[in-house]
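Engineer: Just dropping this structure here.
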Amino acid sequence: MSLEKVVVVGASGYSGEELVRILSRHPHAEIAAITSRQLAGQTLASVYPRFGGTRYAGLKFIDSTSEAILATGARIVFLALPHGVASEYAAPLVKAGLRVLDLSADFRIKDLAVYEEFYGEKHHAPELAAASVYGLPELYRDKIKDAQVVACPGCYPTSVLVPLVPLLRRQLVKAGSICVFSMSGVSGAGRNAKTDYLFAECNESVRAYGVPKHRHLAEIEQELSIAAGSAVKISFTPHLIPVNRGIHTTIYAAPEDGIEPFHFANAWKEDYGASKFVRLLGEKELPDTKHVTGTNFVDIAFRHDARTGRVVILSAEDNLVKGAAGQAVQCLNILCGWPEETALL
């Protein structure tokens, strides 16, 4: 059986490196090229010794040009690039008939005015943004199958949308009551040489950032509004914590009148009971990042607070796997008609 050729553009970042790690063990895919302007000509193993002796140890980084990408003969491309850059790369690739899995924010947001508001620049490929499919398999599996451009969700949005969307679809919680508190490992900031992310700055420290308007709010509110059938605005406060990877999210909401706790469990079982990567925890367990790190799972649970009349919803995931590269490979499997868990379990 012939292998599906894929290219990882921007393989020098954390998400790109994680993509290579997962794809290197994929039985149906072949990494035709990895790109990086800074690392062009160097082998994968010389840059990342962890890949020494593996399938792609000798694979050399190539320059990140559309001509070089097209010359590989690959039909599917992963874009692990910053926002604003990914859209410029995607346009010629899509025009050439390739399918694009984008890990940036460039194709997640349908309202381009909202994109410009949150990201501070005009969109470079508005027609592709309009045609893209939001790549959260648990919500859009059927649409992903035929998509040419898949906009893979952000890490924080995944941790919020997976537990909340089934509840808003069924009007189980009051949309105006939702408050979200999230914590992320430092790798979520990317492989950037910035003072804020140095070990001495992050270790023994917890701090909020992106307050009160983190960029991921745009896609979170977009998808929650679709689920609710009306505009939803939430309070969202992310925090940086001194761990390498992992996201833990706590959501507070008020149930709609007459809604009992069992309705929440039933909603999740109906939507995710057959899901490979959503784990519904029981009454005695709570999500813990150590149980999802290095995996494509998202764990969710809830507790009803009878004293306040609110519900506390919790989730945990690996920001680089289910929050980025793993989810992108999950989408690849759907695109190609392979079992969704291929190379991920």
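The values are calculated or read from the model by the stated rules, or taken from the named source; none is laboratory data. Since we're looking at a predicted model, the values are computed, not measured. No Cβ is skipped: glycine too gets one built from the backbone with ideal geometry, and neighbour counts run over all protein chains shown.
Engineer: In the stretch 251-273, is there at least one residue being under 22 Å from the mean Cα position of the chain (by Cα), at pLDDT 95 or above and farther than 28 Å from Gly176 by Cβ?
Structural biologist: Checked the stretch 251-273: no residue is under 22 Å from the mean Cα position of the chain (by Cα), at pLDDT 95 or above and farther than 28 Å from Gly176 by Cβ.
Engineer: A follow-up question, please. Take Val149 and tell me if it is surrounded by 13 or more Cβ atoms within 10 Å (Cβ to Cβ), free of Cβ contacts under 8 Å to residues at least 60 places away in the same chain and among the β-branched types (Val, Ile, Thr).
Structural biologist: Details: surrounded by 13 or more Cβ atoms within 10 Å (Cβ to Cβ): yes; free of Cβ contacts under 8 Å to residues at least 60 places away in the same chain: yes; among the β-branched types (Val, Ile, Thr): yes.
It is true that Val149 is surrounded by 13 or more Cβ atoms within 10 Å (Cβ to Cβ), free of Cβ contacts under 8 Å to residues at least 60 places away in the same chain and among the β-branched types (Val, Ile, Thr).
Engineer: Further question on the same structure: Go through the stretch 314-345 and give me each residue that's among the charged types (D, E, K, R) and surrounded by fewer than 24 Cβ atoms within 10 Å (Cβ to Cβ). Give the steps one after another, and end with the answer.
Structural biologist: To start, the set of residues in the stretch 314-345 that are among the charged types (D, E, K, R) comprises 317-318, 322, 340-341.
Selection gives Glu340, Glu341.
Engineer: Kindly provide the set of residues from the stretch 314-345 that are of a type outside the set (S, T, N, Q) and closer than 20 Å to Gly185 by Cα, ordered by number.
Structural biologist: Of all residues in the stretch 314-345, those of a type outside the set (S, T, N, Q) come to 314, 316-318, 320-326, 328-329, 331-332, 334-341, 343-345.
Listed by number, the residues that qualify are Leu314, Ala316, Glu317, Asp318, Leu320, Val321, Lys322, Gly323, Ala324, Ala325, Gly326, Ala328.
Engineer: Could you list, in sequence order, the residues of the stretch 16-61 that are closer than 18 Å to Glu88 by Cβ and crowded, with 20+ Cβ neighbours inside 10 Å?
Structural biologist: Gly16, Thr35, Ser36
Engineer: Of the residues Val150, Val165, which single one is among the β-branched types (Val, Ile, Thr), within 16 Å of the chain's Cα centre (by Cα) and part of a helix (DSSP H, G or I)?
Structural biologist: Going through Val150, Val165 in turn, the sole match is Val165.
Engineer: Just give me the residues in the stretch 116-146 being free of Cβ contacts under 8 Å to residues at least 24 places away in the same chain and either assigned to a helix (DSSP H, G or I) or over 15 Å from the mean Cα position of the chain (by Cα) (or both), in sequence order. Spell out the reasoning first.
Structural biologist: Filtering the stretch 116-146 down to residues free of Cβ contacts under 8 Å to residues at least 24 places away in the same chain leaves 116, 120, 122, 126-127, 130-131, 133, 140, 142-143, 146.
The answer is Glu116, Gly120, Lys122, Pro126, Glu127, Ala130, Ala131, Tyr140, Asp142, Lys143, Asp146.
Engineer: Return the residue satisfying two criteria in turn: it lies in the stretch 154-210 and is touching a His at 6+ places or on another chain (Cβ under 9 Å) and basic (Lys, Arg), and of such residues it is nearest to Ile220 (Cα to Cα).
Structural biologist: Taking the stretch 154-210 first, the residues touching a His at 6+ places or on another chain (Cβ under 9 Å) are 154-157, 159-160, 167, 170, 172, 181-184, 206-210.
Okay, now just the ones that are also basic (Lys, Arg), so 170, 207.
Values: Arg170: 18, Arg207: 21 Å.
So the residue we want is Arg170.
Engineer: If I ask for residues that are of a type in the set (Asp, Glu) and under 22 Å from Glu256 (Cβ atoms), which ones from the stretch 284-310 would you list? Lay out the reasoning, then the answer.
Structural biologist: First, the residues of the stretch 284-310 that are of a type in the set (Asp, Glu): 285, 288, 299, 305.
Passing the criteria: only Asp305.
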